[in-house]
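Heads up, the thing below is written out as structure tokens.
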Amino acid sequence: MNKRTLYSVIAIIIVLGVYAYEHFLGEEEKAEIVSEGQTTKTDTNEYFLPTSTTGQIVHHEGYSLSYNEEHEQSEWVAYELKKSHLSNTNHKRPYFEIDKSVKTGAANWRNYKKSGYDRGHLCPAGDRRYSKSAHDETFLTSNISPQEHQFNAGLWNTLEQKIRYWARKYDGVFVVTGGVLKGNMKTIGDEDVSVPNQFYKVLIDNNTGKTKMIAFLIPHTDSDRPLYEFVVSVDEIEALTGVDFFPALEDSIETKLEASNSYQDWDFY
DNA sequence: CTGCTGAAC
DNA sequence: GTTCAGCAG
């Protein structure tokens, strides 16, 4: 077997493996729900929106964002990933477009061209495959941040897949994600799009009886270290970003959950 | 799944 | 500018 054939075989195994894996988990969780008589969670999209430090919040069909004009990217993108959103439908990858609903002018995709950095999705295309319009909407320049390819396709991708697993297992999670727009950052393109040195994701789930949160703060470099080593408290990310993540939560619950860096309620299998 | 690039129309 | 094909982890 030559090298090219070997790579092809490996690629096919990865694709089939991801499909079979997610499909298997889907069946497993369906069975679990039937046996436990679990009910479907209600829509919590508006309820869990974070605060904006820039005053420019934009709502799209499949996600909301807060745009930071100085750094030419969103400080956060927020969306609910429902279990019903998970889909194996394949959509052709469209071209990135400038988000016209950002009044100060969202970045041009040309800033990323030949920059050496990926246009890294904040709301992953893989989380919006339930319809073509929702999928294509993730290819707006307000939904991307410059990411090293090794990071984006590596640890960050692993986290995105873990979140899909949790969405399936816990019947949906609410996700907030972005780069930490702070300190000395490289810039790319004519518009000087900042390259974050860290990225974060904050998740909340209030479906399974008790509300739970988890937050990740990850240096912008690929790593072989396990994801749980990057778990921090929500408070830590709030201190870094100036964003208040779940202001609508009852204060005593918010205070307690956001101070914790425990991940015992989240299955890392 | 996560992506970039070159060539042709 | 758009599309297609190929490439890589």
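For the stretch A:133-146, give me the residue count where each residue is surrounded by fewer than 22 Cβ atoms within 10 Å (Cβ to Cβ) and within 15 Å of DNA strand C (Cβ to nearest atom).
First pass over the stretch A:133-146, keeping only residues surrounded by fewer than 22 Cβ atoms within 10 Å (Cβ to Cβ): A:133-134, A:136-137, A:139.
Narrowing the set further to residues that are within 15 Å of DNA strand C (Cβ to nearest atom) leaves A:136, A:139.
Matching residues across the stretch A:133-146 total 2.
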Q) How many of the residues making up the stretch A:90-105 are more than 14 Å from DNA strand C (Cβ to nearest atom), in contact (Cβ under 8 Å) with a residue 40 or more places away in the chain and surrounded by fewer than 19 Cβ atoms within 10 Å (Cβ to Cβ)? A) 3
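Does A:Pro124 meet the test of being within 22 Å of A:Ser64 (Cβ to Cβ), in contact with a Phe, Trp or Tyr (Cβ under 7 Å, 6 or more places away or on another chain) and either near DNA strand B (Cβ under 9 Å from one of its atoms) or of a type outside the set (Gly, Ala, Ser) (or both)? Even if it seems obvious, please write down each step before you answer.
Working: within 22 Å of A:Ser64 (Cβ to Cβ): yes; in contact with a Phe, Trp or Tyr (Cβ under 7 Å, 6 or more places away or on another chain): no; either near DNA strand B (Cβ under 9 Å from one of its atoms) or of a type outside the set (Gly, Ala, Ser) (or both): yes.
Criteria not met by A:Pro124.
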Q) For the stretch A:80-89, which residues satisfy the criterion of being outside any loop (DSSP other than H, G, I, E, B) and either open to solvent by 30 Å² or more (accessible area, probe 1.4 Å) or over 14 Å from A:Leu65 (Cα atoms) (or both)? A) A:Leu81, A:Lys83, A:Ser84, A:His85
Q) For A:Phe246, which of the numbered conditions (1) surrounded by 21 or more Cβ atoms within 10 Å (Cβ to Cβ); (2) in contact with a Ser or Thr (Cβ under 7 Å, 6 or more places away or on another chain) fails to hold? A) (2)
Q: Just give me the residues in the stretch A:249-266 being open to solvent by less than 50 Å² (accessible area, probe 1.4 Å) and of a type in the set (Asp, Glu), in sequence order.
A: A:Glu254, A:Glu258
Q: With the checklist (1) assigned to a loop (DSSP other than H, G, I, E, B); (2) open to solvent by 20 Å² or more (accessible area, probe 1.4 Å); (3) of a type outside the set (D, E, K, R); (4) modelled with pLDDT under 95 in hand, flag the one item A:Gly183 doesn't pass.
A: (4)
Q | Complete set of residues in the stretch A:80-102 that are more than 14 Å from DNA strand B (Cβ to nearest atom) and farther than 18 Å from A:Thr51 by Cα | A | A:Lys82, A:Lys83, A:Ser84, A:Ile98, A:Asp99, A:Lys100, A:Ser101
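Take A:Val77 and decide whether it is within 16 Å of DNA strand B (Cβ to nearest atom) and assigned to a strand (DSSP E or B).
Details: within 16 Å of DNA strand B (Cβ to nearest atom): yes; assigned to a strand (DSSP E or B): yes.
For A:Val77, the condition - within 16 Å of DNA strand B (Cβ to nearest atom) and assigned to a strand (DSSP E or B) - is met.
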Q. (1) at pLDDT below 95; (2) open to solvent by less than 10 Å² (accessible area, probe 1.4 Å): which one isn't true of A:Asp171, the others all being true?
A. (2)
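Any residue at all in the stretch A:223-235 that's of a type outside the set (D, E, K, R) and closer than 24 Å to A:Thr141 by Cβ?
The answer is no; no qualifying residue exists.
The values are calculated or read from the model by the stated rules, or taken from the named source; none is laboratory data. Keep in mind it's a predicted model, so treat the numbers as computed, not measured. Reconstructed Cβ throughout: ideal geometry from the backbone, glycine too, with neighbour counts over all protein chains shown. The protein model used for the area step is the full one, side chains on, heavy atoms only, and it has no ligands, DNA or RNA in it. Shrake-Rupley method; radii C 1.70, N 1.55, O 1.52, S 1.80 Å.
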